[in-house]
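The structure appears below as structure tokens.
Every number in this text was worked out from the coordinates using simple rules, so none of it is lab data. Bear in mind that the values here come from a model prediction, so they are computed numbers and not experimental data. Cβ coordinates were reconstructed from backbone atoms using ideal geometry, including for glycine residues, and neighbour counts include every protein chain displayed.
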Amino acid sequence: MEFIVSQRWCLIEDMSEPDGRVRSEATSLLRDLIRIDTSNPPGRETPAAKLLLDYLEAAGVSCELVARDPERANLIARIPGTGEGPSLAFMGHTDVVPADAADWEHPPFSGHLDGDGFVWGRGAVDMKNQTATRAVAVAELARSGFRPRGDLVFIAQADEESGTEDAGLKWLRGQRPDIGCDYSIDEGGGERLELTDGRVVVPINTGEKATLPVLITALGEAGHASIPQSGDNAVPRLAVLIDRLARHRTQRILRPETHRLLEVLIGPHEGGLDAAIEQAAGLHPSFADDLPPLFGSTIAPTRLFGSAARNVMPGRAAVECDCRVLPETTPEDLERELRSALGHDISYELEFLEPPTGGTVAPVDTPLFDVCQDFLHDNDPGAALLPVISTGFCDSHFMREAFDTVAYGFWPLRRTPIDIYHDGFHNRNERIHADDLAYAVDFHLYAARRILGDRDPAGL
């Protein structure tokens, strides 16, 4: 396999049209990555990391595999800097969520390229597309003789989708503190949104909410199910508590990053936060669902626990809630919110299942943020960069937490229709247009040159 892959890349290098060459190279690398099934669980990302290593070493980039589990290697690649400037990391995970081939138009691990220019497969959107284009950008810079003032680091990490095996970035950052950088770019953001008023915004992920799962247990009295009146069944009590959680609207909070978001969308707002959110939510069909969670905690009942036997009314019945809280929200803050929703007339217990995970945020007044906006100015005039907090989780948190890295999620695209792009996440028929691969490579080349400079201007 290595010979065939290397041969294809060498042939691509001989193409005379630079943009076409980069597009073809990124497309080929993405298709090869998709063909390696890294469904997590179990992951087994080492073949994908080895593929990237072979590709980058062929371009003259220094690489190494670092693994806690030999089957789940992480790749670290580096173009060393002179030490005269800041450092920058391009990042991307190599694992994907599982896919059921029966649901797909094309096999999910075939890397199918259709006649319209779409690459199909699990990971085409989340996020082997981003990993591949960042690798291509690093290879392009290395071939050009790029001599950055600060290190350019490429990290292809394992175990992002699950994180339960502690084999990915959470582990790697402790083993290899040399991956710490001043700036980093990982997954999230970049989709082009046309607003109802004609403007265009492009989200950039500046942080994420924290996960803080909670178990709520309704208390009753056990009894025989054949005589319902003999006890005090905890299940109906739990049903009332769940209904209260579902109906509860959490307190809304305006943070600096969401204040900036509202400024971009609606300008100065004086009519109160609720009115501002409602006005902003009307600017795009996706905003009605996506914007409100950025202004407060969310509480989603997800798993139920009742009697171990059908003929026993339980004295205890519980619901596990997936709670996502804003940065700087404490467990005590969430507990007050939950108790306010649950009321005082039904006995229950409340237990936090684990400490908060995530909840870090990067500032927006940085050179990297400006670089992202400048790229849009040059390539999509009039488009405004829109800072958002991710309601989900990604590995950028580990870089912020460990190294105080200014970590953003940004992968600009403009050819793949937004509904196809969004529907691809963890879903069937995931696909990305090859034009967006070339566009993303252009962005990463631009970002590296702007942030890191070049000791030899002739190498630009």
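Under the simplified labelling scheme, the E335-H259 pair shows an inter-label distance of 3.0 nm, with each label point 7 Å from Cα along Cα→Cβ. Going from the fewest other Cβ atoms within 10 Å to the most, the residues L245, L368 appear in the order L245, L368.
Between N427 and E57, what is 0.36 nm times their sequence separation minus the Cα-Cα distance? Round to one decimal in nm.
129.9 nm
Computed from the C-beta positions of A309 and S110, the FRET efficiency with R₀ = 41 Å rounds to 0.30. Between the amide H of D322 and those of A300, T302, distances stay under 5 Å, these residues lying 5 or more places away or on another chain, with hydrogens modeled in the peptide plane. Dividing the summed -39500 (n - 2.57) terms of all DSSP H runs of n ≥ 4 by the residue count of the chain sets its mean residue ellipticity at 222 nm at -11000 deg cm²/dmol.
Can you sort T366, T250 by how many other beta carbons sit within 10 Å, fewest first? Provide the component values of the computation, followed by the final result.
Numbers: T366 16, T250 20.
Ordered from fewest to most neighbouring Cβ atoms within 10 Å, T366, T250 come out as T366, T250.
Taking amide H atoms as placed 1.01 Å from N in the peptide plane, the amide H of N429 lies under 5 Å from those of E105, each 5 or more residues away in sequence or on another chain. Phi angles across segment 80-89 convert, under the Karplus curve 6.51 cos²θ - 1.76 cosθ + 1.60 with θ = phi - 60°, into 3J(HN,Hα) values of x, x, 7, x, 9, x, x, 9, 9, 10 Hz, Gly and Pro given as x. Note on segment 276-412: percent of Cα-Cα distances in each 5 Å bin, starting at 0 and stopping at the bin with the largest distance, equals 2, 7, 13, 15, 16, 14, 11, 8, 6, 4, 2, 1, 1, 0. Once the Cβ-Cβ distance between R35 and H224 is put in as r, and R0 is 45 Å, what FRET efficiency do you end up with, to the nearest 0.05? The value I calculate is 0.20. Counting only lysines at least 8 places from K50 when in the same chain, those with an alpha carbon closer than 22 Å to its own are K128, K170.
The ranking of I299, I242, I432, I155 from fewest to most other beta carbons within 10 Å of each one's beta carbon is I242, I299, I155, I432. The Cα center of segment 365-417 and the Cα center of segment 213-235 differ in position by 49 Å.
Of the labelled figures (1) 24.2, 87; (2) 26.8, 119; (3) 21.9, 77, only one reflects Rg and Dmax of the Cα atoms in Å as derived from the coordinates, namely (1). Length gained on full extension, A384 to T196, computed as 0.36 nm times the residue gap minus the Cα-Cα distance: 66.2 nm.
Under a 5 Å amide H cut-off, with hydrogens placed 1.01 Å from N, V312 pairs with A225 among residues at least 5 apart or on other chains.
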